[in-house]
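Report on the structure given below.
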């Protein structure tokens, strides 16, 4: 998870959705759950960027533009990044870096 601010900003609570810039799930046996249940939960909460490090298929799925708390929350955009490429690291709509797919998948 990438969270805005400093860990000292959260001495007695977890960051809320508005304070979270990115959530990353590493999926092996939980891939179906991460693509359905967790994805809907994060979209409903308004988490702006959600990555699934898809170990079985060897890529990173990047979900953006959550619909928020609707009857069927989802992400409007999905991009897949394969080995040999980099994933743009976006925070508040600006690219602040990039991450090699191999660095995440190992």
- Mind checking whether some residue in the range 50-61 is within 12 Å of the chain's Cα centre (by Cα) and surrounded by fewer than 17 Cβ atoms within 10 Å (Cβ to Cβ)? no
Every listed condition ((1) in contact with a helix residue (DSSP H, G or I) (Cβ under 9 Å, 6 or more places away or on another chain); (2) farther than 21 Å from residue 95 by Cβ; (3) assigned to a loop (DSSP other than H, G, I, E, B)) holds for residue 14 save (1)
Just to be sure, is residue 36 touching a helix residue (DSSP H, G or I) at 6+ places or on another chain (Cβ under 7 Å) and either over 20 Å from residue 3 (Cβ atoms) or surrounded by fewer than 20 Cβ atoms within 10 Å (Cβ to Cβ) (or both)?
no
Selection from the range 78-93 of residues exposed (fewer than 10 other Cβ atoms within 10 Å of the Cβ) and within 15 Å of the chain's Cα centre (by Cα) yields 92, 93
So, first residue on the phi > 0 side of the Ramachandran plot and surrounded by fewer than 14 Cβ atoms within 10 Å (Cβ to Cβ) in the range 1-26, second residue assigned to a helix (DSSP H, G or I) and modelled with pLDDT under 95, Cβ within less than 9 Å, six or more apart or across chains; the pairs are 5/19
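The values are calculated or read from the model by the stated rules, or taken from the named source; none is laboratory data. Bear in mind the structure is a predicted one, so any value in this text is a computation, not a measurement. Positions of Cβ are generated from backbone atoms using ideal geometry, with glycine treated the same way; all protein chains shown enter the neighbour counts.
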